[in-house]
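A short reminder: the numbers here are calculations on the coordinates, not readings from a lab. What you see is a predicted model, and the numbers here were worked out from it, not measured in a lab. For neighbour counting, all protein chains shown are included, and Cβ atoms are generated from backbone atoms with ideal geometry for every residue, glycine included.
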Amino acid sequence: MKKHSARVAPLSSYSSQVLTCPISEGEEGSESRADTPGSEASGEGTSYQTCANTVLKVLGGLLLVLCVSSSWVGTTQLVQLTFKSFSCPFFVSWFSTNWNILLFPLYYGGHVVTTRDKQTPIQKFRECSRLFGEDGMTLKLFLKRTAPFSILWTLTNYLYLLALRKLTATDVSALYCCHKAFVFLLSWIVLKDRFMGVRIVAAIMAITGIVMMAYADGFHGDSIIGVALAVGSASTSALYKVLFKMFLGSASLGEVAHFLSTMGVFNLIFISFIPLILYFTKVEHWGSLSSLPWGYLCGLAGLWLVFNILVNVGVVLTYPILISIGTLLSVPGNAAVDVLKHEVIFSVVRLAATCIICLGFLLLLLPEEWDSVTLRFLAAFADKKSEEHGEELTESSINTRSRSRANGTVSIPMA
């Protein structure tokens, strides 16, 4: 009976008793052989599905990188085309920000199409309003939370547009990439984020690129003003992101769409008086409304809206690092357009400054645990090399012994 009985141990997650199953050895072997292919097939199916999901996510991310880069290049180039016939940067910034109102309706439309759990627009709006607090959005919270972010958003766009009147699109987009270094410095000082030496090096490289860009034309004329405006835009953008993380934390896609639409409403209600003041003071004066280049303005605002949608959707659907790479790729994209269409000739100093800033941007994309991951990879690589070397030594010793036996001699290894 001992030969024809087998103990089956329960799974570790259960506390059931040990069962005694009277199965013959042949039946046990056949059953184990029957179970093995099924488990292997299920494991292979799970791993295949995981690999397929990863591949699709990466391919979608690469497509998103191309779309983000193209939309930002198109926005920057279209701004400069608009300024040839309508040089009113604040009006352009105000008009484009108003289009953010469409973000939440577009998000709700996508929610209705992609989910079975249907909610009314008011229910979804209240659900996404939790970003402002447990009580939702009140007038006090609307003014308290939206006003500072809306001002920073307007300053970022306005300074960026002013810089495009002084510098080429390539220079402005490269200088704007310094916002990543400013985000790290502010997060380290204000949010007490982890100190990383490689990011300090990247921040120093960004500052070096800024100085070289300003030096390209000898620290005078429109160049130094344009560099200052572009760096100011990058600084306000970094401050916006750090404050958003400090006060609002991590937000879902619906909450971000709700927040950006709220900023659009605030811009339409409370900032509309500034374009009027600039118009009557003739700082930004234009003719009749019919004479405005509405095609350029609507195309510019639409591309800017698409860029904001891609950035916020991409962070949720794919890897956030790919969105940053898409923003970085706008620099060579603008350079190609400037060279081919506008016949811009870049000096060696400007090219070196742009390359230094882009390299610093790439260093800032390294994860926090990059050093330990690199050390583990190098250790695993060294272990693999030592194992291969040991196998080669073993094979060579076996071949030596076999040849010695064939010749009638015995080799005695030295101690």
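Would you mind counting up the charge near D193? Only other residues with Cβ under 12 Å from its Cβ, with Lys and Arg at +1 and Asp and Glu at -1.
Taking every Cβ under 12 Å from that of D193, the sum is +3.
Taking all pairs of distinct Cα atoms, average 1/r, flip it, and tell me the Kirkwood hydrodynamic radius of the stretch 65-370 in Å to one decimal place.
20.4
Percent relative contact order of the stretch 65-370, based on C-alpha pairs within less than 8 angstrom and at least six residues apart?
Computed over the stretch 65-370, the figure is 41 percent.
For a Förster distance of 22 Å, can you work out the FRET efficiency between the beta-carbons of V190 and S250, rounded to the nearest 0.05?
Taking R0 as 22 Å, the efficiency between V190 and S250 is 0.85.
Over 28 Å between Cα atoms, which of K118/K144; K124/K241; K118/K180 qualify?
K118/K144; K118/K180
Between V283 and V113, take the C-beta separation as r, use R0 = 60 Å, and let me know the FRET efficiency to the nearest 0.05.
Plugging the Cβ-Cβ distance into 1/(1 + (r/R0)^6) gives 0.85.
With +1 on the Cβ of every Lys and Arg and -1 on the Cβ of every Asp and Glu, and nothing else charged, how large is the dipole of the stretch 95-207 about its Cα centre, in debye rounded to the nearest 20?
Dipole about the Cα centre, nearest 20: 80 debye.
If Lys and Arg each add +1 and Asp and Glu each add -1, what is the summed charge of the other residues whose beta carbon sits under 14 Å from the beta carbon of N312?
With Lys, Arg at +1 and Asp, Glu at -1, the net is 0.
Using the Karplus curve 6.51 cos²θ - 1.76 cosθ + 1.60 with θ = phi - 60°, what ³J(HN,Hα) values do you get for each residue of the stretch 311-320, in whole Hz, with x for Gly and Pro?
My calculation for the stretch 311-320 gives 5, 6, 6, x, 4, 7, 8, 9, 7, x Hz in order.
If each residue of separation counts as 0.36 nm, what is the full-extension length gain between E343 and D135 once their alpha-carbon separation is subtracted?
Between E343 and D135, full extension yields 69.3 nm more.
What does the charge count near W153 come to, summing +1 for each Lys or Arg and -1 for each Asp or Glu among other residues with Cβ under 14 Å from its Cβ?
Within the 14 Å Cβ shell, the charges total +2.
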